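Data first, discussion second: the structure below is written as structure tokens.
Rule-based calculations on the coordinates, nothing more; no lab input. Quantities reported herein were computed from a predicted structural model and do not represent experimental measurements. Don't worry about glycine lacking a Cβ; one is built from the backbone with ideal geometry, like all the others, and counts go over all protein chains shown.
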């Protein structure tokens, strides 16, 4: 059974006005579109499996020399330093990468100095910060693009293997609407090519494979 939402009369009138303005046919469609727009603006993700409009796709891979635009994307799966994340999103991947640093003994002010995203080594939950007791720090929320940029930097510098499967949402503003892709980062900061050509390639820029 679908949930029932009760609105007061004034809000319902406003909803009908918005429906007319955006060309929606029903109040339900209006709410769906408003919620989707707000979630995309805030870079939030559903904690449910992709629906019919969010296919995983198949076919040939596309290879990028650098990270693509990650706006309007949903993380499908992620592995950080060998650990598979449960219900992953971009924020969770960033926190897991930071957690991998703490496992290497980097904490407190050293952790704050190491990171290139706003971080405080005290409990602070204003201005977009959220305190994470397991890290002993408060980290400010980041967009998908900025989160991956910092994740990739951390992985490159500290040799932390990270793998992310994601999907662009069915949105005309997305770089590849509906398409899935893969991002890898680990010891790519190394520029030595004394090993095989394959080793050189795996230590080059992060690679995105899109099905």
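Between residue 114 and residue 175, the C-beta separation translates, for a Förster distance of 35 Å, into a calculated FRET efficiency of about 0.70. The fewest-to-most ranking of 166, 72 by surrounding Cβ atoms within 10 Å reads 72, 166.
All Cα-Cα distances of the range 112-173, cut into 10 Å bins from zero to the largest, leave 19, 41, 30, 9, 0 percent in each bin in turn. Taking a point 7 angstrom from the Cα of residue 4 along the C-beta vector, which residues in the range 15-30 have backbone N less than 19 Å away? Inside the label zone: 27-29. Once both labels are positioned 7 Å from their Cα atoms along Cα-to-Cβ, the gap between residue 104 and residue 157 label points is 0.9 nm.
With each label modelled as a point 7 angstrom along the Cα→C-beta vector, the residue 34-residue 140 pair spans 3.0 nm.
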